Amino acid sequence: MNTRVLVFLSLLLGIGAVLHFIIPPFIYGMKPDMLLSMMFLGIMLFPRAKYVLVLSVAAGVISALTTQTPGGQIANMIDKPITGILFFGLLLLVKDRINVKINVPVLTAIGTIISGSIFITVALFIIGLMEGAFPILFGTIVLPAAALNTVFMILVYPIVQNILKQTQPLSTV
């Protein structure tokens, strides 16, 4: 693994952790997961399986440490690695087929919906509120978070990509 890439990914996770911590919660302590956006950004910039695995496990640990949602610690540890692998698979499917200006927001929205669905399912199972709570939380937490993450990624991805082009090239090997 390239140390420069790992340092860059750790910076993304650090920024995501700060954003994850300072965003206020909406319902039952749940809030949009900006750390997830930074994980997606890292996967898009360095689409290699080894980086995806390290990044998604680290994002799960950091999210678990900063969550205020009941049952969120375990839910984050399950959600982030699964979401990272699925997002990586989707990225590989569309990477060379669809324009990056289209696939970045679409994949971000899909990835956030996948992540939120897994998170809510696990968290509700842990705290025992499965009957009827999922659709409400999905509509009030996951869909707004998907919209927020998508707008965030539309703004941030070109900036980060431009910065990477102007600095010394980071190898993905």
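The values are calculated or read from the model by the stated rules, or taken from the named source; none is laboratory data. Quick caveat: nothing in here was measured; it's all calculated off a predicted structure. FYI the Cβ positions are ideal-geometry reconstructions off the backbone, even for glycines, and counts take in every protein chain you see. To get the accessible areas, we keep the full protein, side chains included, count just its heavy atoms, and leave off ligands, DNA and RNA. Shrake-Rupley method; radii C 1.70, N 1.55, O 1.52, S 1.80 Å.
Among the residues of region 121-132, is there at least one that is closer than 21 Å to Leu12 by Cβ, touching a Phe, Trp or Tyr at 6+ places or on another chain (Cβ under 7 Å) and free of Cβ contacts under 8 Å to residues at least 60 places away in the same chain? The answer is no; no qualifying residue exists. The residues on offer are Gly60, Gly111, Gly42, and the sole one that is in contact (Cβ under 8 Å) with a residue 40 or more places away in the chain and surrounded by 21 or more Cβ atoms within 10 Å (Cβ to Cβ) is Gly111. A Cβ distance below 7 Å, combined with a sequence gap of six or more or placement on separate chains, defines the contacts here; from region 90-104, residues that are over 15 Å from Leu45 (Cβ atoms) and without any contact (Cβ under 8 Å) to a residue 60 or more places away in the chain reach residues that are surrounded by 14 or more Cβ atoms within 10 Å (Cβ to Cβ) and of a type in the set (Val, Ile, Thr) in the pairs Leu90/Ile110.
Against the condition among the aliphatic types (A, V, I, L, M) and open to solvent by 60 Å² or more (accessible area, probe 1.4 Å), how does Val94 come out, does it pass? So Val94 does not fit the description; no. Just one residue in the set Phe152, Phe134, Phe88, Phe119 is more than 30 Å from Thr3 (Cβ to Cβ) and open to solvent by less than 50 Å² (accessible area, probe 1.4 Å); that residue is Phe119.
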